Amino acid sequence: MTKLITTLLIALSASLFAQEQVAKEVLDKLSATTKSYKNMTIGFDFSFENKSQNINEKQNGTLVMQEDNFLLEMEQQTIINDGEYQWIYLADMNEVQIMEHDPEEDMMIPSKLFTIYENDYKYTYVGAEADKGKRLHIINLFPKESGEFMKINLAIDAAKHQLHKITIHDKNGGTYTYLITSVTSNTTIAPFTFNAADFPGVEVIDLR
């Protein structure tokens with residue numbers, strides 16, 4: 001009986017190690033592909049659901065990234081980060097908040113999602129699945145230390161080595177889902193800065 005249990009444990013350990021290796025290979029290719037682009041513009045559909053609070057919100061947006069600089073545009077909010085300062089514009093209030101960029105807030109920098117697995121998360125390969133003709137690798141990320149998020153699920157296009165969908169689960173029962181609808185790279189993009197002149201009457205709250 002003892003030998004049987006030992007054999008099962010060895011087999012399970014080998015299987016988990018193999019899953020981890022496959023996940024790392026997929027994530028490394030995703031990271032390398034992303035880093036090969038000078039910049040990226042991503043269109044996405046976003047949803048937030050929390051069943052216990054009866055919340056189900058949906059909207060779409062655009063993310064422009066170049067290294068750690070980014071522009072995130074959604075229906076009522078725009079976030080711009082140039083590596084030194086961050087602007088948060090709230091459309092319904094016609095208000096912009098300006099603050100210094102905090103390099104410790106990795107989850108606030110979209111590009112970090114492509115490399116966060118290297119240090120802060122454990123990862124496991126769930127399997128492959130098909131979606132509208134695409135073959136997707138499914139990988140789960142689990143934080144090494146307790147934090148706001150319990151799990152991040154990635155669906156990665158096996159042919160293009162690009163993100164297809166991100167699902168983030170928080171400790172309060174909330175689920176954030178980003179479905180990638182378009183990706184373009186190495187295009188001409190505008191500077192990462194907020195021009196108040198483009199927003200007549202905007203209230204500027206400078207927190208620097």
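The figures follow:
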| quantity | calculated |
| --- | --- |
| Complete set of residues in segment 49-77 that are open to solvent by less than 30 Å² (accessible area, probe 1.4 Å), in contact (Cβ under 8 Å) with a residue 60 or more places away in the chain and touching a Phe, Trp or Tyr at 6+ places or on another chain (Cβ under 9 Å) | V64, F70 |
| Among the residues listed as T175, T181, the single one being open to solvent by 30 Å² or more (accessible area, probe 1.4 Å), under 18 Å from L71 (Cα atoms) and not hydrophobic (A, V, I, L, M, F, W, C) | T181 |
| Residue list for segment 35-47, filter: of a type outside the set (A, V, I, L, M, F, W, C) and within 14 Å of N69 (Cβ to Cβ) | Y37, K38, N39, T41 |
| Tally, over segment 151-172, of residues that are touching an Asp or Glu at 6+ places or on another chain (Cβ under 9 Å) and touching a residue at least 60 places away in the same chain (Cβ under 8 Å) | 2 |
| Residue pairs meeting the criteria (Cβ under 6 Å; at least 6 apart or on separate chains; first at negative phi and open to solvent by less than 40 Å² (accessible area, probe 1.4 Å), in segment 83-99; second in a strand (DSSP E or B) and aliphatic (A, V, I, L, M)) | Q86/M99; W87/I80; W87/V96; W87/I98; I88/I79; Y89/V96; V96/V204 |
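The values are calculated or read from the model by the stated rules, or taken from the named source; none is laboratory data. Computed from a prediction, not measured in an experiment: that's the story for all the values here. We place every Cβ from the backbone using ideal geometry, glycine too, and count neighbours over all the protein chains shown. Each accessible area value is taken on the protein alone, full model and side chains, heavy atoms only, with ligands, DNA and RNA left out. Shrake-Rupley method; radii C 1.70, N 1.55, O 1.52, S 1.80 Å.
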